[in-house]
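This report concerns only the one structure given below.
Computed from the coordinates by the stated procedures, all read-outs in this text should not be read as laboratory data. A quick note: this is a predicted structure, and the numbers were derived from the prediction, not measured. Methodologically, a virtual Cβ is constructed for each residue, glycine included, from the backbone with ideal geometry; neighbour enumeration extends over all protein chains shown.
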């Protein structure tokens, strides 16, 4: 298999050091994939990601999506407030990315 050239990350990617592809799509094993996180803060409980695929000819960015890491199933009031605030910030960023596409 020939090496795929990794393009620069989108300007909004928090890992803008041109990170490697993490694997292949199960449904399309000829396509390598990586996810671009929007927030770089490791303290956040919510993040927005966009998956990129590359088959060596075409690079495609998927629809943005939100991932939530709430930790325990039983959240304290403080933890619930943190998740809620992070979710609101992620929703605003998701709406912004959708307007740009």
Net lengthening on full extension, residue 58/residue 27 (0.36 nm per residue, minus Cα-Cα): 9.5 nm
The helix 77-100 Cα axis meets the longest alpha-carbon principal axis of the chain at an angle in degrees, between 0 and 90 and rounded to 10, of 40 degrees
Under a no-solvent Debye model with one identical scatterer per Cα of the chain, what's log10 I(q)/I(0) at q = 0.09, 0.11, 0.20, 0.22 Å⁻¹? -0.28, -0.40, -1.01, -1.13
Potential extension, residue 14-residue 100 segment - 0.36 nm per residue separation minus Cα distance: 29.2 nm
Helical mean residue ellipticity (222 nm; -39500 (n - 2.57) per DSSP H run of 4+; nearest 500) of the chain: -8500 deg cm²/dmol
Within segment 15-58, which residues have the backbone N less than 16 Å from the label spot 7 Å out from residue 79 along Cα→beta-carbon, could you tell me? 43-46
